[in-house]
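Below is one structure, written out as structure tokens, with a few remarks after it.
The values are calculated or read from the model by the stated rules, or taken from the named source; none is laboratory data. Not measured: the values here are computed from a predicted model. Methodologically, a virtual Cβ is constructed for each residue, glycine included, from the backbone with ideal geometry; neighbour enumeration extends over all protein chains shown.
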């Protein structure tokens, strides 16, 4: 097995904790432990009284019960808790795939959704989103990408980095294609719950099909990445059992304090998510006029869900622009090249309350040093 460097994570390792203005974060506004436990009577006491021993490898039953409530047809024994979404992606790939298998992966994507499979020896077949303003996916095109060796189809909706999501009709069509061919559908749903219109919220893939796996995490919608709690939900009991076996070679079990805090957060999940949706709406009200003002520099593809979008730089190199921007102004944007995207785009993040300060600093920078075509 040979894993390539994780381009996005290496970029953040260099800049995330040194840049003064983080304008590309993929998560939402976080909170302190004190703020979180104060949401529930007895929350602080439960945390203080916790014995710091090993936890159940599948995850604390009461936590899995809270996770199961996010779905319509999933029981707590159909949930497997992981140390964040990244571990779940890794474990899923090693539980399902073998060298020589094919896997179809929506593009652009978070690198590990395809890279772990490639490192196992699988052929990764890209399923390209439409590079217009709709960022749509075509199920008819998917049919032609599937081969007899295809073991998994990987989707992400709401999508990182574009902030778009597919329609219910498209998701249903993909689920049917996968089920009819005995293919596992793995759906990254970490931004589910952050749709700007609740009417746009899709059913979870695991509720649509017995062969589908839904990925969730505390990091994005709830803004609690420090808990390092993610999960998969699926009715495929054989796959779930195999994933539990693989997980014995990674984290084995989650951290007890994190499980308690995640459980509290999920019991108050709608309150937390609603707070983050309001922050996103307030920040979009700042970004819309910003991009209108600098329309000669940027193309603003307004997102539909989540705290991120994928605008395009009209002039100059996006890598050079992001590099000089953080060096000269302290504002960090994420070049689209970390997604293997070559269309001069960058990821912008707007799920945090201090985003306005970052946009003000970016505006000052653009007045003095606008991007230019290179000779």
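Select, from 176, 181, 201, 228, the only residue that is surrounded by fewer than 21 Cβ atoms within 10 Å (Cβ to Cβ) and touching a helix residue (DSSP H, G or I) at 6+ places or on another chain (Cβ under 6 Å).
Checking each option against the conditions leaves just 228.
Name the one entry in 262, 358, 292, 285 that is in the same structural domain as residue 65 (by TED's automatic domain parsing) and either in contact (Cβ under 8 Å) with a residue 24 or more places away in the chain or in a helix (DSSP H, G or I) (or both).
Of the residues listed, the single one that is in the same structural domain as residue 65 (by TED's automatic domain parsing) and either in contact (Cβ under 8 Å) with a residue 24 or more places away in the chain or in a helix (DSSP H, G or I) (or both) is 262.
Under the condition of being in contact with a strand residue (DSSP E or B) (Cβ under 6 Å, 6 or more places away or on another chain) and assigned to a loop (DSSP other than H, G, I, E, B), which residue from the stretch 1-52 is farthest from residue 308 (Cα to Cα)?
Across the stretch 1-52, the extreme among qualifying residues is 19.
Please verify whether the stretch 208-219 includes one or more residues that are in the same structural domain as residue 92 (by TED's automatic domain parsing), crowded, with 18+ Cβ neighbours inside 10 Å, under 25 Å from residue 349 (Cα atoms) and over 13 Å from the mean Cα position of the chain (by Cα).
Within the stretch 208-219, none of the residues are in the same structural domain as residue 92 (by TED's automatic domain parsing), crowded, with 18+ Cβ neighbours inside 10 Å, under 25 Å from residue 349 (Cα atoms) and over 13 Å from the mean Cα position of the chain (by Cα).
Please determine, by comparing only the residues of the stretch 260-278 that are surrounded by 14 or more Cβ atoms within 10 Å (Cβ to Cβ) and over 18 Å from the mean Cα position of the chain (by Cα), which one is nearest to residue 26 (Cα to Cα).
Of everything passing the filter in the stretch 260-278, 275 is nearest to residue 26 (Cα to Cα).
Run down 320, 347 and say which single residue is part of a strand (DSSP E or B) and within 19 Å of residue 299 (Cα to Cα).
Criteria check complete, one pass: 347.
Can you find a residue that is assigned by TED's automatic domain parsing to the domain that holds residue 184, in a loop (DSSP other than H, G, I, E, B), in contact with a strand residue (DSSP E or B) (Cβ under 7 Å, 6 or more places away or on another chain) and under 21 Å from residue 251 (Cβ atoms) anywhere in the stretch 63-82?
no
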